[in-house]
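The values are calculated or read from the model by the stated rules, or taken from the named source; none is laboratory data. Model, not experiment: these values are computed from the prediction. In this analysis, Cβ positions are derived from the backbone assuming ideal geometry, glycine residues included, and neighbour counts consider all displayed protein chains. Surface accessibility is based on the protein's heavy atoms, side chains included, excluding ligands, DNA and RNA. Shrake-Rupley method; radii C 1.70, N 1.55, O 1.52, S 1.80 Å.
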Amino acid sequence: MPDPLLNIERALGELDQALGAASTQRREIPFYGPTLLASMTEKDQAMAQHAEQARYQTDPEEAAVHFCLTSAIALLEVSQVLLNRTANPTPLERERQWKTLVAYTKTAGRSAYRAASILTDQKEGSL
């Protein structure tokens, strides 16, 4: 029977390579999450969001691929954490594991949502 952790590690390696290859061949895809935006002034928020939208509109397919790969990697990381959990973690270990799971899950959800938003914002037939 195949080892699920080994399969996840292989998949992560492949996705990391795909994301890395995409990043080295293309310009950076900006993303300002809600926490970062909340720490900015109103003017900086507007500038950041404008920069995001301008980049996404320049090449929506590239941006969507980036966010889909990011989401897939984060979900595999969630699976890896769940499969690596110790049977009887200390309260500190349990808290650390849950914080890690929450962070990866939020990244996955936000990235998938961003990809969907980029693609649905495009006019029909422009892809």
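Determine the gain in length on full extension of the stretch Thr105-Asp121; use 0.36 nm per residue of separation and subtract their C-alpha separation, reporting nm with one decimal. Don't jump to the answer; show the numbers that get you there.
On the way: separation 16, 0.36 × 16 = 5.76 nm, distance 2.39 nm.
Fully extending the segment from Thr105 to Asp121 adds 3.4 nm.
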Practice problem: Report the Stokes-Einstein translational diffusion coefficient (µm² s⁻¹, integer) for region 68-127, Rh taken as the Kirkwood radius over Cα pairs, at 10 °C with viscosity 1.306 mPa s. | Solution: 122
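Leaving out ligands and nucleic acids, and using a 1.4 Å probe, what accessible area per residue does the chain come to in Å²? Present the calculation step by step, with values, prior to reporting the outcome.
Values: 8660 Å² over 127 residues.
It amounts to 68 Å² per residue over the chain.
For a protection proxy built on the mean count of beta-carbon atoms within 10 angstrom, sort 84-93, 101-110, 68-77 highest first, please. The partial results should precede the final answer.
On the way: 84-93: 9.2, 101-110: 15.5, 68-77: 19.6.
Highest-to-lowest ranking by the protection proxy: 68-77, 101-110, 84-93.
Let's test the formula: R0 of 30 Å, r as the Cβ-Cβ distance of His50 and Gln17. What FRET efficiency results, to the nearest 0.05?
Details: r = 32 Å, r/R0 = 1.07.
Taking R0 as 30 Å, the efficiency between His50 and Gln17 is 0.40.
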Exercise. Taking each pair of different alpha-carbon atoms in region 28-113 once, compute 1/r for the pair, average those values, and report the inverse of that mean as the Kirkwood hydrodynamic radius in Å to one decimal.
Key: 14.8
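Hey, got the dipole for the chain? About the Cα centre, +1 on K and R Cβ, -1 on D and E Cβ, debye to the nearest 20? Walk me through the numbers before you get to the answer.
Values: 13 positive and 16 negative charges, 62 e Å.
With only Lys, Arg, Asp and Glu charged at Cβ, the dipole is about 300 debye.
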Practice problem: Helix by helix through the chain, keep the DSSP H runs that span 30 Å or more along the axis on Cα and average at least -1.0 on Kyte-Doolittle, and give those back in order. | Solution: 4-25, 60-84, 91-120
Quiz item: Which order do peptides 9-19, 52-62, 36-46 fall in by mean Cβ count within 10 Å, highest first?
Solution: 52-62, 9-19, 36-46
